[in-house]
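A.B. asks: Handing you this structure, nothing more for now.
Just so it is clear, none of the values below were taken in a lab; they were calculated from the coordinates. Source: prediction; values computed, not measured. Positions of Cβ are backbone-derived with ideal geometry, glycine not excepted, and every protein chain shown enters the neighbour counts.
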Amino acid sequence: MHPLYLSQYFPPPHNIASRLNEANLILAFKALQNDLKLKLYKASEIYSVPYATLYDRRAGRPARRDVPANLRKLTDLKEKTII
């Protein structure tokens with residue numbers, strides 16, 4: 001089988017890693033909510049997520065992929081009508 005065909009069936013590895021990281025972040029948040037004595041640094045170690053990411057998400061900052069691009073040319077309405 002040609003390597004190009006494999007890319008249709010398997011997502012890129014960074015995509016899988018980001019999903020696992022997001023799942024670990026959610027687990028870390030739930031652990032922090034359930035155990036009030038658990039510190040942020042220790043939760044980041046247990047669930048193998050970056051401390052800074054966990055800190056930022058806890059502070060309410062969304063993930064970069066969820067934030068619209070800074071130099072967007074189209075409004076939401078125009079983009080929806082095109083798509």
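A.B. asks: Between residue 40 and residue 80, what is the label-to-label distance in nm when each label sits 7 Å out along the Cα-to-Cβ direction?
C.D. replies: Here the modelled spin labels are 3.5 nm apart.
A.B. asks: Show me the ranking of peptides 64-72, 30-38 by mean Cβ neighbours inside 10 Å, starting with the highest.
C.D. replies: Answer by packing, highest mean first, reads 30-38, 64-72.
A.B. asks: What FRET efficiency do you get for residue 23 and residue 65 if R0 is 22 Å and r is their Cβ-Cβ distance, rounded to the nearest 0.05?
C.D. replies: It comes to 0.90.
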